[in-house]
Amino acid sequence: MNRKKLQKLTDSLTKNCKHFSKFEVKCLINLFYNLVGEVTERQSVIIGLDRNAFRNILHMTFGMTDDMIMDRVFRGFDKDNDGCISVTEWVYGLSVFLRGTLEEKMKYCFEVFDLNGDSFISKEEMFHMLKNSLLKQPSEEDPDEGIKDLVEITLKKMDHDHDGKLSFADYEQAVREETLLLEAFGPCLPDPKSQSEFEAQVFKDPNEFNEV
Amino acid sequence: METSGTTVKSEEVDKNGEPLLYLSVPQIKIRSFGQLSRMLYIAKNMKLKEAQACIEANRNPVAKILGLDYNIISEKIGNSFVSNILDKITKDDDSESEIKMKIALQLKQLDLHLLNHSLKHISLEIRLNPGTVKNDIELLKQFSGKGKQTVLESIEYTSDYEFSNGCRAPPWRQIKGEICYVLVKPHDAETLCVTCSKEGVFLNGGKTDDEGQINYERKGEIYKDLVTLLKEKSAIFSENMSKQEIKFSEQPQKDQPNEAPKEEVAITHKASVTSRKSTQEKNRINLGRSQLTKRLEPSLNWRTSVSSKESRNTLRDTQVEKHGGKLEKSRSSVSPGRAQLIRKSVEKIEEIISDSSSESEEDEEQPDHRQEANADLPSEYWQIQKLVKYLKGGNQTATVIALCSMKDFNLAQETCQLAIRDVGGLEVLINLLETDEVKCKIGSLKILKEISHNPQIRRNIVDLGGLPVMVNILDSPHKSLKCLAAETIANVAKFRRARRVVRRHGGITKLVALLDCGKHSGEPAQSSLYETRDVEVARCGALALWSCSKSYANKEAIRKAGGIPLLARLLKTSHENMLIPVVGTLQECASEENYRAAIKAERIIENLVKNLNSENEQLQEHCAMAIYQCAEDEETRDLVRLHGGLKPLASLLNNTDNKERLAAVTGAIWKCSISKENVTKFREYKAIETLVGLLTDQPEEVLVNVVGALGECCQEHENRVIIRRCGGIQPLVNLLVGINQALLVNVTKAVGACAVEPESMMIIDRLDGVRLLWSLLKNPHPDVKASAAWALCPCIQNAKDAGEMVRSFVGGLELVVNLLKSDNKEVLASVCAVITNIAKDQENLAVITDHGVVPLLSKLANTNNDKLRRHLAETISRCCMWGRNRVAFGEHKAVAPLVRYLKSNDTNVHRATAQALYQLSEDADNCVTMHENGAVKLLLDMVGSPDEELQEAAAGCISNIRRLALAIEKARYS
C-alpha cells in the first residue's frame, strides 16, 4: 500500500471515528497490517482478519475465553458479514470496543448477546450464554437447575415489561440502573487492565506489537 | 592548719590537747566528725575509697568513739537495747555518758539508714518488686467487678500517685521496703487493706476513719504474693481464680472447640458485653463466637462445615502467621474459606498485641444476635441463601448477576442484612474484594456499603478482616471503586476497634490522599464506565475520615498525613454533600489543641462562619459544633465575630425544632460569649432574650449550653437586667433541682452571677434559690459543690438580712464548715469564700466557731495554691473577729504559714494575707510568731505597694508588732 493511500485512509477513518486521534488511527492501521501480514494488494481479494485470527487476538490480548462470546464479538466487528474484518471494520470496532460511550457499548453488547439477531434476548439465548457460568456441584441432581434459576433471576431483574424476553429497551433500562449489567451475559468488552495495557503498547510503539 | 614537713596538724585541739586532725604521710588521724567530713569533702571523687579505707582501718568504730562499754550495747537489738540505755543513764549520771549515748543512738540510726538504703537497691531483684506487684494488681483489676464470674468486687490503690521507681508508698515507708497499699474488696469479706512490700504481702492496720491515713502496722502474716494472700482470705476468690487458671491453661491446647463446655461459651459471650477485656479473654471470645454460630445453625449444612473447618484452622493459621510466613491468598471467588480465615487470625493477633487505648467508645460493641435456626425465617432468607450459593459457585458473569440481584433486596432491612451474614455471604463478599475483577469488587462493595449500616455487620466485617482489603482498594486506579471502598469504610469505622484497624493498615494516609484527588486531573482516563468525578472521591474520603476521626490516634494520624490543609481547601467548595463530612471531620478533630491551632492558621473559621448561613441544617449544626469546640480560644472567638458569625448564630436560635442543631448553636454561643465584645453583639441581636426563652422545655444538652451562655452574659450589669426583665431568674432557679452535673455547674454559676444584682437577689430569695444552692453543697461532685459555693457568696452578700437567712438553714453552717475537710482545692477556696461572707454576721461567726472552723482553717494553711491562699487568708481575717479566735489560730499554728503567703506572686494573696496578719497581730503571741518568721521585712515591702488596702493592713500589722516590742522593752527596763 503506498504512502498516499495510507494517508488518505487514515484521514477518512479519523474523520468518521470520534474516539481516536489521527495518531491513534494510524497506529491501529499499522497494527492491522502487521497482523494481517503484508498481503500484496489485489483488487478482487478482500484483505482482513478472519475469524480465527481475530479470536486469537481477543484471547491473547484481551483475555477472553468464552468461544461463543468471542464468535459474537467477531460478528459485532464484522459489520458487512463477509467473514473477515477489514481495516475499516477494525478501527470502527475498536473504537466502540475500547472507547465507546455507554450508549454505543450498550448497543454493541446487546448485539453480541442477541444470538439470533431477532432484537430480543430470549430465555434460551440466556441459558445458552450462562450455561458454563456455574461450577458443577456434585450434590445437584439436575446440573441445569442452577442455570435455569439464574436465568429467572436475570429476567426478574431486567425484564421490565414481563414478556419473558429482553428487548433492547429492557436491557437499556436495566443497564442505566446498574452499569454492572452491561456485560450481563458474559464479558464482551476488554477489562480495564488489559485495555490499558493494549493501549499503552499500541499507541506508543506499534512495531513491537508483533511479538505479542 | 599547721604544716611542718610531711605532717599537717589542725589548730583545733581536743580537751586533752591532741590535734583533731593529724596527717603524717601515709597516715591520717582524725578525732572529730567535723574534721572527718571536711576530710571526705576534700577527697571528692575519692570519697568512697577514703571512707572505705577509714572503716577498714577502724573495725569497730562505735567502740572507738564511745569507749568499750558501748560496744556491747550496739550489738544488742530490740527491747533490751532501750532498757539498757535507760539503765546506763540512770546509773552514771554524768553528762559525758549522756552525750555518748546520744551519739551511739545516732550512729545506730545512721547504720540502720545505710542498711535500708543499700537494701533498697539490692532488694529490687528479690521476691516482689514494684513491677510484679503492679502486674498482679492490673491483672486482678481486669477480673474484678460486679457479678459472680469475677474474682473480686474491686481492687484499688490507696494512692493515685506513683513514684518514678514504681512504688506508691510514701518515701519514708519505701525505706522499709513497702511498695504500695491496696484496698481489696472480695465478694465474701470486708474490704482488706493490704501492704505490698518487698518482703511479701500482708494485711496492715487499715485506713483510719478520721484522717484517711493508713495504719502501717503489720496485722497478719506475710504471704509470698497478693494472690496467695487473697486465696487465704476469700473463698470465692480462690474458687474463681482456680477457674480462671483452668481457662488460661486450657486456652493454648484448645484446638478442638467442639469439646469446650457450652457453659463456657455462655460465660465468654456475656463477658463480651463488658468493654474492658483482657487480651486472653478476647481471644476466647473469638473462639466462642465461631462456636456459637455453629451451634445455632445446625440446619445449614454447608455453613456448618465451613465453620468447623474455620475453628480448626484458626489456631494453626495463627501460628503460621505469627512466624511471619506469608501465606498465599486464594484469589478465586470459588473457595471462600481460607483467605479470610487467615486474615481473620491476623486480625486477632493484632487485637492481642494492641494495647487498649483511651479513646471513647461511642459505638459500644454489642453482643451478637444470631438468628435462631428454628425461628420462622422470612422468604428473603432462602432467596439470599441461593444467591450466595451462586456467588460462591459462579464465574464472573454469574457473580455479577447474583450481586445485582442481591442489591435489589431491601438491604436497609435488618432481616436481609443478617440473612446475608448468616448464610455466609459476608465471607464471600469480602473474598470478592480480593479478586482482580473490578465488576465483582464494585458489586460487592455496593452491598457491603448498605449492610454495614448495621452495627453487628460492621463488627463481623472487621472480624472477617474486611477492612484491610478495603483499605487496599483505596489505591485502586478506579475512582468509583475508591469511592465505594471509602464509603464502606465510613460505615464500618463507627467503632473503635475498626478505626484502629483502618489506622494500622495505613488507611488514614490513603483516605487523606483521596481528599487530594482533584489535583491529579492529568491521569489517563480509565474506562469511563467506572468513573466518577474527583469531587465525589474527595467526598467519600472525607466521609470515611469523619468516621475515623472519632478516635484520638486517628485525629493525630490525619493531621500528620497533612489532612488539615486539604480539608480547609475542600471547605471552600459549595457542595453541601462535600461540606458536611468535611466540617464533621473538623468538628470531631477540633477537640484536640493541635487542630484548633491549625484551624486558626488555615483560616477555617471564616468558612465555618460562611457555612452557618447555608440552608442545610446538618451543615449548620456541624459548623456550630466546630465553632463550639474552637471557641475556647480567645482569638478564635474574635475571628468568629470579625467574620460576622455571631448574627447567624443568634438567628439560628429562633429555630428550635432541630434539637441537635440547637444544642450545637447554643454551645457555640456559650463559648463565644466568653468574650465581652461578643456578648455586646449578642445583646444587639437580642440573643439574650431568646436564650432566656430557651430555658424551658429543652433537652439537657441544649439547657447546659443555654445556661452556660447566660452565665457568661450575666457578668455584665446590663445583661443581668435584661435577664431579670425577661423573667429568666425563675426558670434558672428551677433548674437548680436537676441532676445533670454539667448543667448544675452552669446553673449555679448563672444564678450566682444574677445574685450580684440586689433586685435579682430578692427574686432568688423569694424563690428559695439560696436554699437550693445550699443543698447543692451536698452534691457528690466537687465541681458542683464548688460552683454552688461560689454562687452562694453574692447571695449572702446581697440578701437582705443575710445573717437571719443563713441561720434559717437547719444544719447549713455545720455543712459548710465540714466542707473544709474536702481535698479539692477549688471546693476549699469556694467554701472559704462562703465562710468569709457568713462570718460577717457575728452570731453566725459564733456558731461556726463552735463548729470548729478555726482548727479546720488552720489545717489548710500549708497550701501552695494561690487561689485557696487568698480566700483562706480572707476567711481567717474575718474569723479573727470573734472571741479568742485570734489566739486559737496562733495555737493551731496558722500564723507561720500565713507569713509565707507574703512571698507569693499574687497581689490578691498579699492583700488578704496582710489583712489577716493585721487581725492576728492583735494577739501578742502571734506577733512573736510573725516576727520569728520574718514577717516584718516582708510587710515593710508591702507598705510600699500601690494597693492602699494592702499598705494599710501591712502598716497596721507592723505597728502592732512594734508596739509589742516597745512594751516589752519598757517592761524590761522599768
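Mind listing whichever residues of region B:381-402 are of a type in the set (Val, Ile, Thr) and more than 8 Å from chain A (Cβ to nearest Cβ)? Within region B:381-402, B:ILE384, B:VAL388, B:THR399 meet the criteria.
Count of region B:485-532 residues, restricted to those that are modelled with pLDDT of 90 or more, among the hydroxyl-bearing types (Ser, Thr, Tyr) and open to solvent by less than 50 Å² (accessible area, probe 1.4 Å), is 1. Put simply, of A:GLY164, A:GLY186 the only residue that is modelled with pLDDT of 85 or more and within 12 Å of chain B (Cβ to nearest Cβ) is A:GLY186. Taking the numbered list (1) assigned to a strand (DSSP E or B); (2) open to solvent by 70 Å² or more (accessible area, probe 1.4 Å) in turn, B:TYR161 passes all entries but (1). Only residues that are among the hydrophobic types (A, V, I, L, M, F, W, C) and surrounded by fewer than 23 Cβ atoms within 10 Å (Cβ to Cβ): list them for region B:581-608, please. Residues satisfying the conditions are B:ALA597, B:ALA598, B:ALA601. None of B:SER476, B:SER480 is modelled with pLDDT under 90, assigned to a loop (DSSP other than H, G, I, E, B), under 27 Å from B:LYS550 (Cα atoms) and within 14 Å of chain A (Cβ to nearest Cβ) except B:SER476. The single condition from (1) under 20 Å from the mean Cα position of the chain (by Cα); (2) surrounded by fewer than 19 Cβ atoms within 10 Å (Cβ to Cβ); (3) assigned to a helix (DSSP H, G or I) that A:CYS109 fails is (2).
Restricting attention to region B:403-432, report how many residues are of a type outside the set (A, V, I, L, M) and within 14 Å of chain A (Cβ to nearest Cβ). Counting residues in region B:403-432 that are of a type outside the set (A, V, I, L, M) and within 14 Å of chain A (Cβ to nearest Cβ) gives 5. Residues that are in a helix (DSSP H, G or I) and among the β-branched types (Val, Ile, Thr) occur at least once in region B:727-736. The single condition among (1) polar (S, T, N, Q); (2) in contact (Cβ under 8 Å) with a residue 60 or more places away in the chain; (3) within 14 Å of another protein chain (Cβ to nearest Cβ) that B:GLN456 does not meet is (3). No other residue among B:ALA601, B:ALA631 is within 22 Å of B:LEU710 (Cα to Cα), within 31 Å of the chain's Cα centre (by Cα) and not aromatic (Phe, Trp, Tyr) apart from B:ALA631. For B:GLU621, are the conditions met, namely being acidic (Asp, Glu) and buried (at least 19 other Cβ atoms within 10 Å of the Cβ)? Judged against the criteria, B:GLU621 is a match. From the list A:GLY117, A:GLY93, A:GLY76, A:GLY83, pick out the single residue that is small (Gly, Ala, Ser) and either within 13 Å of chain B (Cβ to nearest Cβ) or farther than 30 Å from A:LYS26 by Cβ (or both). Selected residue: A:GLY117, the only one of A:GLY117, A:GLY93, A:GLY76, A:GLY83 that is small (Gly, Ala, Ser) and either within 13 Å of chain B (Cβ to nearest Cβ) or farther than 30 Å from A:LYS26 by Cβ (or both). Do we find a residue being over 27 Å from B:GLY883 (Cβ atoms) and not in a helix (DSSP H, G or I) anywhere in region B:817-839? Taking every residue of region B:817-839 in turn, at least one turns out to be over 27 Å from B:GLY883 (Cβ atoms) and not in a helix (DSSP H, G or I).
Just one of the numbered conditions (1) open to solvent by less than 70 Å² (accessible area, probe 1.4 Å); (2) within 14 Å of chain B (Cβ to nearest Cβ); (3) at pLDDT 90 or above is not true of A:SER196; which one? Here A:SER196 clears every test but (3).
For region B:791-804, the criterion of being surrounded by 15 or more Cβ atoms within 10 Å (Cβ to Cβ) and outside any helix (DSSP H, G or I) is met by at least one residue.
Given the criteria away from chain A (no Cβ under 14 Å), farther than 20 Å from A:GLN173 by Cα and modelled with pLDDT under 90, does B:ASP436 qualify? Taking the combined requirement at face value, the residue does not satisfy it. Suppose the filter is hydroxyl-bearing (Ser, Thr, Tyr) and surrounded by 22 or more Cβ atoms within 10 Å (Cβ to Cβ); does B:SER921 pass it? Against the criterion (hydroxyl-bearing (Ser, Thr, Tyr) and surrounded by 22 or more Cβ atoms within 10 Å (Cβ to Cβ)), B:SER921 qualifies.
Exactly one residue out of B:LEU898, B:LEU856, B:LEU939 is in a helix (DSSP H, G or I) and more than 23 Å from B:VAL817 (Cβ to Cβ), and it is B:LEU939. The set of residues in region A:69-102 that are in contact (Cβ under 8 Å) with a residue 60 or more places away in the chain and in a loop (DSSP other than H, G, I, E, B) contains only A:GLY100.
The values are calculated or read from the model by the stated rules, or taken from the named source; none is laboratory data. Keep in mind that what you see is a predicted model, and the values were worked out from it rather than measured. We place every Cβ from the backbone using ideal geometry, glycine too, and count neighbours over all the protein chains shown. For the accessible areas, the whole protein counts, side chains as well, though only heavy atoms, and no ligand, DNA or RNA atoms are used. Shrake-Rupley method; radii C 1.70, N 1.55, O 1.52, S 1.80 Å.
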